[in-house]
Amino acid sequence: MEGEATRTLHLKGLKENMQTKLTSIEATQSLLDEKKIPALDENQYQLLADYLFSANLPLRLQVAETVFRHDKRHPHALRLFLACTGLSTGHTICSRQVFHV
């Protein structure tokens with residue numbers, strides 16, 4: 001019985017992970033098609049940035065170019081651009097602090 005509960009939780013986690021990937025893929029496709037960052041909640045922007053950070057290089061370059069050329073004034077544009085270039089805002093902030101010390 002305990003094994004079934006663990007398996008159910010594991011399957012639920014896998015399903016949520018698949019849904020997150022699907023949402024990130026859909027958001028990326030929308031961004032590329034419409035040339036603008038889609039309206040998402042804060043958590044979804046973080047998930048999208050995480051997805052882009054680990055995406056393949058051609059996709060990251062395409063998204064970075066689209067964000068930079070067409071929607072750079074969006075509040076989350078910098079976060080998404082940095083994720084595409086392989087830099088996270090956390091890495092950037094840490095490196096700035098180390099540089100100034």
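The values are calculated or read from the model by the stated rules, or taken from the named source; none is laboratory data. Just so we're clear, the structure is a prediction, and the values are computed from it rather than from any experiment. Cβ sites come from the backbone with ideal geometry, for glycine too, and all protein chains shown count toward neighbours.
For the range 52-88, a residue qualifies if it is hydroxyl-bearing (Ser, Thr, Tyr) and closer than 18 Å to residue 36 by Cβ, and exactly one does: 66.
Please go through the range 23-41 and pick out each residue that is of a type outside the set (A, V, I, L, M), part of a helix (DSSP H, G or I) and in contact (Cβ under 8 Å) with a residue 12 or more places away in the chain.
Correct list: 23, 24, 28.
Quick check on the range 53-101: of everything there that is loosely packed, with under 15 Cβ neighbours inside 10 Å, among the small types (Gly, Ala, Ser) and in a helix (DSSP H, G or I), which residue is modelled with the highest pLDDT? So, considering only residues that are loosely packed, with under 15 Cβ neighbours inside 10 Å, among the small types (Gly, Ala, Ser) and in a helix (DSSP H, G or I), the one modelled with the highest pLDDT is 54.
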